[in-house]
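Reviewing the structure listed below.
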Amino acid sequence: MTSSISLGFHLLNIVFIDLYLFVQFTFRTYNFEYLELQISVTLNRYNFKYLITSLVYLPKIFMAEKVNPYKDSDQSKKVQVTKMFDTISNEYDGLNRVISFGIDVKWRNKVVKMVAEKQPENILDIATGTGDLAISLASTNAKEIIGLDISDGMLEVGRKKISSKNLNGIISMVIGDSEDLPFEDNTFDAITVAFGVRNFEHLEKGLAEILRVLKPNGIFVILETSVPTNPIYKAGYNFHTKLIMPTIGKIFSKDKVAYNYLSESASVFPYGEALNNILRKIGFIKVEHNPQTMGVATIYSASKA
């Protein structure tokens, strides 16, 4: 009986893979990385829990890499994201505090605490932006902290903040691509990404690069937006992200579409067990996640064998 049920779920998951392929080829948007993930897990894990996870998050993973800042542009997502953050770099910190009600500071502090427990000597903060997390990570007493970002505009704001806090001897800001990190294998004791993985043009490629440069037994921590599962909280979240956040952005931002993109990309990005499964597929171990503030953000942690 159990074998029949397992086989039934297995076949049903294959049906959804076929449906996924149909949708991709119909709309000419190909995400073979996620298809590979679906097939590999289907062949090895015939269980109800994963099937439900697949049904809930498949559309999000399908859409995540296709959400771009400028919908009428033929440029790659990477180029568009760089342009967007260069444009809003000077106003980003202020608007971010207003839109998040300052709660993002509390979330970052939790990330810092997790990293500090590992007593790292060196840390890489990817998608560092204006350096908020990199600056906070200085409290871990790491000897070296590198903040990496594709936007030189954001980095320049960060460099000024670092200088004002006399942290130039510890923190360096480097322009670079998260999908082609300019570091040797097994370089960093800890790697962090705060509100950046959803901007990766190719999610799995960026995560694989992070795994490559992380030392064995090192810690990798992601802080990223997520969607509350409680219907009441979710309604409030949708109201804030789909109406309030874009409206504030349109009024005060130099780039009128930037906060529409940030809202839309957050709503379709895989979170919770869906992102955990991707991390495990890449090769990370000890993968865990901890939702924050009613589920509007999630902190993920992982390590390397």
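The values are calculated or read from the model by the stated rules, or taken from the named source; none is laboratory data. Everything numeric here is computed off the predicted structure, so don't read it as measured data. When we count neighbours, we look across all protein chains shown, and the Cβ atoms used for this are built from the backbone with ideal geometry, even at glycine. For accessibility, only protein heavy atoms count, side chains too; no ligands or nucleic acids. Shrake-Rupley method; radii C 1.70, N 1.55, O 1.52, S 1.80 Å.
List of remarks:
- Verdict on GLU91 being open to solvent by 10 Å² or more (accessible area, probe 1.4 Å), charged (D, E, K, R) and within 28 Å of PHE239 (Cβ to Cβ): yes
- Taken over the stretch 118-136, residues that are within 15 Å of VAL174 (Cβ to Cβ), touching a Ser or Thr at 6+ places or on another chain (Cβ under 8 Å) and surrounded by 23 or more Cβ atoms within 10 Å (Cβ to Cβ) amount to 9.
- Considering the stretch 186-305, the qualifying helices (runs of 4 or more DSSP H), each wholly inside and each with 2 or more residues that are open to solvent by 40 Å² or more (accessible area, probe 1.4 Å) and of a type in the set (A, V, I, L, M, F, W, C), run over 231-239, 245-252.
- Scan of the stretch 171-228 for residues that are of a type in the set (Ser, Thr, Tyr) and within 11 Å of the chain's Cα centre (by Cα), ordered by number: THR192, THR225, SER226
- In the stretch 137-158, the residues that are open to solvent by less than 10 Å² (accessible area, probe 1.4 Å) and part of a strand (DSSP E or B): ILE145, GLY147, LEU148
- Candidates LYS110, LYS118 - the one that is in a helix (DSSP H, G or I) and charged (D, E, K, R): LYS110
- One residue from ASN122, ASN109, ASN141 being modelled with pLDDT of 85 or more and on the phi > 0 side of the Ramachandran plot: ASN141
- Tabulated pairs, the stretch 177-193, first without any contact (Cβ under 8 Å) to a residue 12 or more places away in the chain, second assigned to a loop (DSSP other than H, G, I, E, B) and among the small types (Gly, Ala, Ser), C-beta under 7 angstrom, 6+ apart or interchain: PRO182/GLY176
- Condition met for LYS165 (open to solvent by 40 Å² or more (accessible area, probe 1.4 Å) and under 16 Å from the mean Cα position of the chain (by Cα)): no
- The one condition in (1) in a loop (DSSP other than H, G, I, E, B); (2) surrounded by 18 or more Cβ atoms within 10 Å (Cβ to Cβ); (3) at pLDDT 70 or above; (4) not charged (D, E, K, R) that PRO69 fails to fulfil: (3)
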